[in-house]
1. Could you pull out every one of the helices (runs of 4 or more DSSP H) wholly within the range 223-271 that has 1 or more residues that are at pLDDT 75 or above?
2. Do we find that residue 83 is away from the ligand (no atom under 16 Å from the Cβ) and touching a residue at least 24 places away in the same chain (Cβ under 8 Å) in this structure?
3. If residue 134 meets every condition in (1) at pLDDT 90 or above; (2) assigned to a loop (DSSP other than H, G, I, E, B) apart from one, which number is that one?
4. Is one or more of the residues making up the range 280-294 at pLDDT below 70 and either closer than 15 Å to residue 197 by Cα or touching a Ser or Thr at 6+ places or on another chain (Cβ under 6 Å) (or both)?
5. Just give me the residues in the range 106-135 being of a type in the set (Gly, Ala, Ser) and under 14 Å from residue 154 (Cα atoms), in sequence order.
6. Consider the range 45-80. How many of its residues are more than 27 Å from residue 103 (Cβ to Cβ) and either within 11 Å of the ligand (Cβ to nearest atom) or among the hydrophobic types (A, V, I, L, M, F, W, C) (or both)?
7. Just the residues that are acidic (Asp, Glu) and more than 15 Å from residue 28 (Cα to Cα), please, taken from the range 56-72.
8. Could you run through the range 91-135 and say how many residues are acidic (Asp, Glu) and in contact (Cβ under 8 Å) with a residue 60 or more places away in the chain?
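The values are calculated or read from the model by the stated rules, or taken from the named source; none is laboratory data. Since this is a predicted model, take the numbers as computed values, not measurements. All Cβ positions, glycine included, derive from the backbone under ideal geometry; neighbour counts span all protein chains shown.
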Amino acid sequence: MEALPDIAPLPAGASRSRCMARVPLGCVFYLTTRCQQRCAHCWLECQPDQGADMDPAMFSEIVRRAAAQGLLRVVTLTGGEPFIDPDRLLECIRELLAGHGVLEIFIPTNGLWVLADDYRGLAEELAFIGQFVPYELRIAWSMNRWNLKQLGRNARPVAQRWRELEHRFPQVFRRRTLEREDLQSLARILSLILHFEMGNNVLLESLLRSATRFLQKKNRLYDLERRFFHFMSELMRAPSKQEQKRAFQKMREELSSSAVLAGTQALLQTFDLEAWLDAKIKGLSFATAVRMKWNERQKK
Ligand code: SF4
């Protein structure tokens, strides 16, 4: 097996000192290519009764090598359907938690495993193991329109059981409801942040105008987007560093309030807005702010 790289390569032409986060923080393990579904968009072309599992010895070797280089902070266990073999999935989670510096484990699922008779026992075990994951163990059912259609008559019982699990173990089980509109919002927020970082103020103004038009036409509107776009326009009007810092602090406080967080988890799961705001307030790099946040959570 090839040696793992020490750091990710820099983008062409980027200066090392300006690159925000050049050290990879995590790994994605494709535990299997088996799945009960046959989605047209599946890039692994998974189909029922087909596919193969990752060799346990290979999994252990990658875990060992990646951990030795500090690359296992955030781990995704996916497939295929990672719950197709629940015992193997539990083994993998336990192995990851055996002193390899893992802070967060994310497991996306098509949700079908909750139809098994013993789903409650498995859920309880996962919730128990979740207590030993320093940042979080997050198991997310992709509940978008496409997947519900694929589930057919199973959609209702899966939704009912998933609601039960979310209610009993909210720290572990979540629905992932990232719809097309959410992705468009996220893309706009990220684009504004990138252009702000690059100092493209002229372009920012036109992006904000377009964002305002987008909000007027949007079917589902979360408070976070409205407040973020308002914050960006305040930021652009703030002439001094001190006023900009006040704008960052105000946005940070608003983000912390539960009212803002309601219904916005899908957006915030994809980009750590809180860490970006902290970095700006404290004058740190984004990577340092993320690292400090994780270190603090680890101490708790
Ligand atoms: S549920 Fe996921 S892994 Fe399974 S076929 Fe669909 S896209 Fe592929």
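1. Where helices (runs of 4 or more DSSP H) fall fully within the range 223-271 and carry at least 1 residues being at pLDDT 75 or above, they are 223-237, 241-256.
2. When the stated conditions are applied, residue 83 does not pass them.
3. Here residue 134 clears every test but (1).
4. Checked against the condition, which is being at pLDDT below 70 and either closer than 15 Å to residue 197 by Cα or touching a Ser or Thr at 6+ places or on another chain (Cβ under 6 Å) (or both), the range 280-294 yields no hits at all.
5. Scanning the range 106-135 gives 111, 116.
6. Counting residues in the range 45-80 that are more than 27 Å from residue 103 (Cβ to Cβ) and either within 11 Å of the ligand (Cβ to nearest atom) or among the hydrophobic types (A, V, I, L, M, F, W, C) (or both) gives 7.
7. none
8. Number satisfying all stated conditions: 1.
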